[in-house]
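The structure appears right after this line, and notes come after that.
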Amino acid sequence: MKRQAKTRAFTLIEILVVVAILGTLMGLISIFVVRAGTTKRRNMTKLLITSHLRIAIDRYKQEFKRYPPATVGDLNKAGGGKRWKALANDSGDEINGTTEVLLVALNHADLTAKVRPSDWGLDDPLGNGDDDEWNQTPDGLSTAKAREIKDGYGNTVVYLPSKLYNAGPVRITNQNGDEVEVFAVRKPDGTFYNPTSYQLISVGENGKQDAVDGVIEDTIELDDIMNFSPEVEDEE
């Protein structure tokens, strides 16, 4: 008569060990996924600032012999046959940052090649958190909403031509919906980076400018993403 093979059951300790191993693996996978997402957003923001926007701004400069405007007043001086006015929302806000104006300028009627935000590779490259509107629909855009250019994190990107470096901070809305101030960036000696051209600034993952009042000290670890590197000479 054949003997039946005994089935060995897992002990409680063995089960707990397996659960602990699975928990550890899930934790490591979660960390990897979060880090991968963060890296992707940062890389997309770098590409937006150092490539897409930089090329568009330099193309504007080549065609019009000046950098794009960043204020409504300068936008009206830039020509194009339209008079612009920012219509404030109920809270009285008019312009949230400077890329609302930049976006209109980069779609100027006389530009050979206009910007296509859909080509930037961002999930949501434009926003209008403050509900501002223009008095007319800009060329190349589908709405009169005064939309800001957003980075990979959802922060409003700041564009500052050199004439505005000393004009004080720009107030933007970050990824958390908070209003934060962004200054033109300076070296420890007080001189500005890109002194004769422009600065593009993203406040990065933490949603705030790391440089205190815009000054980059040697000891600061920057989360900000800009169209220049503090470690090298100015990229004019």
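Here are the numbers:
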item	result
Odd one out for Leu87 among (1) more than 23 Å from Glu63 (Cβ to Cβ); (2) modelled with pLDDT of 70 or more; (3) of a type in the set (A, V, I, L, M, F, W, C)	(2)
Lone unmet requirement of (1) over 20 Å from Met226 (Cα atoms); (2) at pLDDT 85 or above for Ala36	(2)
Tally of residues being outside any loop (DSSP other than H, G, I, E, B) and in contact with a Ser or Thr (Cβ under 6 Å, 6 or more places away or on another chain) across the stretch 139-148	1
Of all residues making up the stretch 53-84, the number that are modelled with pLDDT under 65 and within 23 Å of Pro117 (Cα to Cα)	1
Filter result (surrounded by fewer than 20 Cβ atoms within 10 Å (Cβ to Cβ), outside any loop (DSSP other than H, G, I, E, B) and either touching a residue at least 40 places away in the same chain (Cβ under 8 Å) or among the small types (Gly, Ala, Ser) (or both)) within the stretch 93-138	Ser118, Asp119, Gly127, Glu133
Evaluation of Pro125 against (1) more than 13 Å from the chain's Cα centre (by Cα); (2) modelled with pLDDT under 90; (3) at negative phi (one fails), failing number	(1)
Residue that is surrounded by the fewest Cβ atoms within 10 Å (Cβ to Cβ) [pool: residues in the stretch 159-180 that are more than 17 Å from Glu100 (Cα to Cα) and among the charged types (D, E, K, R)]	Asp178
First in the stretch 15-26 and in contact (Cβ under 8 Å) with a residue 24 or more places away in the chain, second anywhere and in a helix (DSSP H, G or I), Cβ under 6 Å, 6 or more apart	none
The stretch 149-158 - residue that is in contact with a Ser or Thr (Cβ under 8 Å, 6 or more places away or on another chain) and in a loop (DSSP other than H, G, I, E, B) and, of those, surrounded by the fewest Cβ atoms within 10 Å (Cβ to Cβ)	Tyr153
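Let's see how each residue does on (1) in contact (Cβ under 8 Å) with a residue 12 or more places away in the chain; (2) surrounded by fewer than 18 Cβ atoms within 10 Å (Cβ to Cβ); (3) farther than 12 Å from Thr98 by Cβ:
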residue: Gly140; (1), (2), (3): yes, yes, yes
residue: Arg147; (1), (2), (3): yes, no, yes
residue: Val182; (1), (2), (3): yes, no, no
residue: Asp189; (1), (2), (3): no, yes, yes
residue: Leu200; (1), (2), (3): yes, no, no
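The values are calculated or read from the model by the stated rules, or taken from the named source; none is laboratory data. If you're wondering where the values come from, they're calculated on a predicted model, not measured in any experiment. Cβ sites come from the backbone with ideal geometry, for glycine too, and all protein chains shown count toward neighbours.
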